[in-house]
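Here is the structure we will look at, set down as structure tokens.
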Amino acid sequence: MQDIALIQKAKAGDLIAFEQLIYRYDKQVLSLTARYVQSAEDAKDIYQEVFLRVFRSLPKFQFRSEFSTWLFRITTNVCLTHRSRKKRHPHTSLSDESDEEHGALSLNTLRSDEHTDESLERTEISLRVREAVDRLSAKQRLVFMMKYFEGYKIREIAVMMNCQEGTVKKYLFTAIRKLRNELHDLYEHKSGSELKEVKMEGLV
Amino acid sequence: MKHDDYKNLLYLHCWDEADDDQKGILKKHLLTCKECRIELSEIDGMKHILQDQSSIEVTDDMLAEARRELRVALRLEKNKRRSFQELLEYLSIFFERPIPIAIGGVSLVLTGLLVGYFAFQPSEPGSDFRLTGITQANTPESEEPQITNFRLTTQDQFSGQVEIEFDLITPVKMRGTADDPAIQKVLAQTLLDEQNPGARLRTVTALASQMEKTKRLDTETKSALIFSLKADPNDGVRKEALRTLLQFPMDKEIKQALTYVLQKDINPAMRIEAINSLGKLMTESNSQDTDILNVLKEKMERDNNNYIRIRASNLLKEIQQ
């Protein structure tokens, strides 16, 4: 059944049609949100908020755009306005404590491992990358995630975010510059002199 | 062209967004600009660092859990009633307006009279309210209707006329045989709409017991049972739906539902029930259903339950022999 038919049924209050419709796109939505917030729980929160908004607004959907475009526009809006559970509950929860404890144990285990140095280096790099990405603004982070990890084209991101391509480029370029500066020592350290060689493959 | 513009071209090129003309311009620039050459290789290095980073993978389990939580939230949303707060808000607006309190009082008295008229007038059982789609062969035995969700929508301050809205809930008792289509229709709808898991469980049990007697499964009930089996957030309801469906010959839809359960249900008991039923079907009918075989292969490798992994492995061996 086409999206349009399902939308019409869902507009008339058919919950099963609504679920059939959203199950065509919800994995993409969850994937994008998981990339963005880097937390399964927060990703599920956003996922639910997105589809509740879709459910509430569907009666007003006028078919002026593709359903998927409209859906991802809502997704990006919810992502940008989302406050993570950690920010909402800044106190340390029991699970946080246990996570930290678990993390400490993992580190201890790593230390006793024969590959300690390599594992620790990987953990440290991951932390640095995570922190650098977290320091980007919400829009820069979202654009960067959509471009780099999800592989969307700039024009697609512009449609989803309801803004000009130039604006998307601005966010993307700023994000790249910031990440490049923040992670400079990591890839210099990793690649060493290889970086000095210029790679021009792909250029005509 | 400013130097920053070349850098922007560089970024576009690194993220596969530059066209051939832009690539040509960039190539010429890179031949003469050391700073951009270094930047190009640094971005390359950064991309390698980022590629190595693990990210949260959206697993089938995570998606199934998100869907389950969403389903509950959607039901709550659908059934959300306008609260008493709305009436209070409306009344507060009503009293804030610069109108004579007396007219307001008269309007309220009239409203009360109207409500009283509708709420307490004697009604003939079943004469005013009918469930759509239920055959009249099965006359519902109605009790007194109850008013809920009362809303004062408009009121004319001068004429004193008011317009009100409310939901009239009529308790309905139906009597009939177990295979009565009207009763089956109501039960199937309850399975889809009822928020209370206990009520849904009782509904599936009722459907199961009647089907044991009649040995007949109509399309609507089957769809409702399959929907519950796949998406009901309550383990008990899903289990009962599965048990009921397994009493009937395994058609394509039931087979697909079982495959879905084996693949996605988070409860291992459900998956075990599904794999046993599918296994029985495959061995008895000597079937080589590709979808089931693929799921069995996946389960053999990845299921976190030992029994399911071993059972899937054995089944695949049996089928291949």
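Throughout, read-outs are computed from the coordinates displayed, never taken from laboratory work. Worth saying up front: this structure is predicted, and the values here are computed from it rather than measured. Using ideal geometry, Cβ is built from the backbone for each residue, glycine included, and neighbour counts are taken over all protein chains shown.
Structure above, values below:
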{"read-out": "For a label point 7 Å along the Cα-to-beta-carbon line of B:Glu212, residues of the stretch B:226-269 with backbone N under 13 Å", "value": "B:243-245, B:247"}
{"read-out": "Positive minus negative residues near B:His29 (Lys, Arg vs Asp, Glu; Cβ under 14 Å)", "value": "+2"}
{"read-out": "Residue-wise HN-Hα coupling along the stretch A:143-157, computed from phi with Karplus coefficients 6.51, -1.76, 1.60 (Hz; x: Gly, Pro)", "value": "4, 4, 4, 5, 6, 7, 8, 9, x, 6, 6, 4, 5, 5, 4"}
{"read-out": "Shielding of B:220-227 by partner chains, average beta-carbon count, 10 Å", "value": "1"}
{"read-out": "Charged-residue dipole, Cβ positions (Lys, Arg, Asp, Glu), the stretch B:1-61 about Cα centre, Debye nearest 20", "value": "640 debye"}
{"read-out": "Other-chain or far-sequence residues with amide H under 5 Å of B:Val162's (modelled H)", "value": "B:Asp156"}
{"read-out": "When each of A:Lys60/A:Lys170; B:Lys239/B:Lys280; A:Lys147/B:Lys27 is checked by Cα-Cα distance, pairs over 27 Å", "value": "A:Lys60/A:Lys170"}
{"read-out": "Ordering of B:293-304, B:238-249, B:102-113 by burial proxy (mean other Cβ atoms within 10 Å per residue, highest first)", "value": "B:238-249, B:293-304, B:102-113"}
{"read-out": "Entries of B:Lys7/B:Lys47; B:Lys2/B:Lys34; B:Lys230/B:Lys299; A:Lys27/A:Lys169; A:Lys11/B:Lys173 with Cα pairs more than 20 Å apart", "value": "A:Lys27/A:Lys169; A:Lys11/B:Lys173"}
{"read-out": "Distance between modelled label sites at A:Asn162 and B:Lys78, nm, 7 Å Cα→Cβ extension", "value": "2.7 nm"}
{"read-out": "Simple label model, 7 Å out from Cα along Cβ direction - A:Ala12 to A:Asp185, nm", "value": "6.5 nm"}
{"read-out": "Inter-chain Cβ neighbour average for residues A:22-35, partner chain, 10 Å", "value": "3"}
{"read-out": "Two-site FRET efficiency, B:Met1 against A:Ala138, from Cβ-Cβ distance with R₀ of 45 Å, rounded to 0.05", "value": "0.90"}
{"read-out": "Virtual spin-label span in nm between B:Gln288 and A:Gln28, 7 Å along Cα→Cβ", "value": "3.6 nm"}
